Amino acid sequence: MSTPIGAEVMAQFLPQSPFVTKLGIVADSLDGDEVRLRMPWDPTNVTLGDMVHGGAIAALADVTVMAAAWAGVREAHSLRGVTVSMSIQFLAPARATELIGVGRVLRQGKSLVTCDVDVVTPDGDLVAKAIATYKVG
């Protein structure tokens, strides 16, 4: 059985992605059953006042889905991938806080991977929940 290459792929990709770096998203953990990505507090990512914009929260969820989907990939015929669909529920406001995306694979198909993401504050308060399908390769 081969070792997953997905964590290595994501470790190289994340710091090179202009959008990911614009948002300041970094990986805390990219392997195992759960990935964790962190987006720092940035006052330019607000809706109004100190409330983090839903688009920034959704972007963190989407990047977390990508990282979770790649985490278990053992071999890849190409390094392409794309989010096919994503549903997100915003559950509480995020005010002037760093956010953490916690992603898990729910189902791994041949090329389609269904993932679950919780976006939480550093204290663990749930801000948003996303379910998404990602196509690997």
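Here is how the number arises for the chain: DSSP H runs of 4 or more residues each give -39500 (n - 2.57), the sum is divided by the residue count, and the result at 222 nm is -7000 deg cm²/dmol.
Positive contributions from Lys and Arg (+1) and negative ones from Asp and Glu (-1), summed over other residues with Cβ under 12 Å from the Cβ of residue 34, come out at -3. Computed over the chain, the quotient of the alpha carbon radius of gyration and 2.2 N^0.38 Å is 1.00.
Between residue 129 and residue 96, the modelled label-to-label distance comes to 2.9 nm, taking each label 7 Å out from Cα in the direction of the beta carbon. Distance between the pseudo-spin-label points of residue 12 and residue 82 (7 Å out from Cα toward the beta carbon): 2.2 nm.
None of the figures in this text is laboratory data; all of them are computed from the coordinates on show. This structure is a prediction, so every number in the text was calculated from the model and none was measured. Every residue, glycine among them, receives a Cβ derived from its backbone with ideal geometry; neighbour counts consider all protein chains shown.
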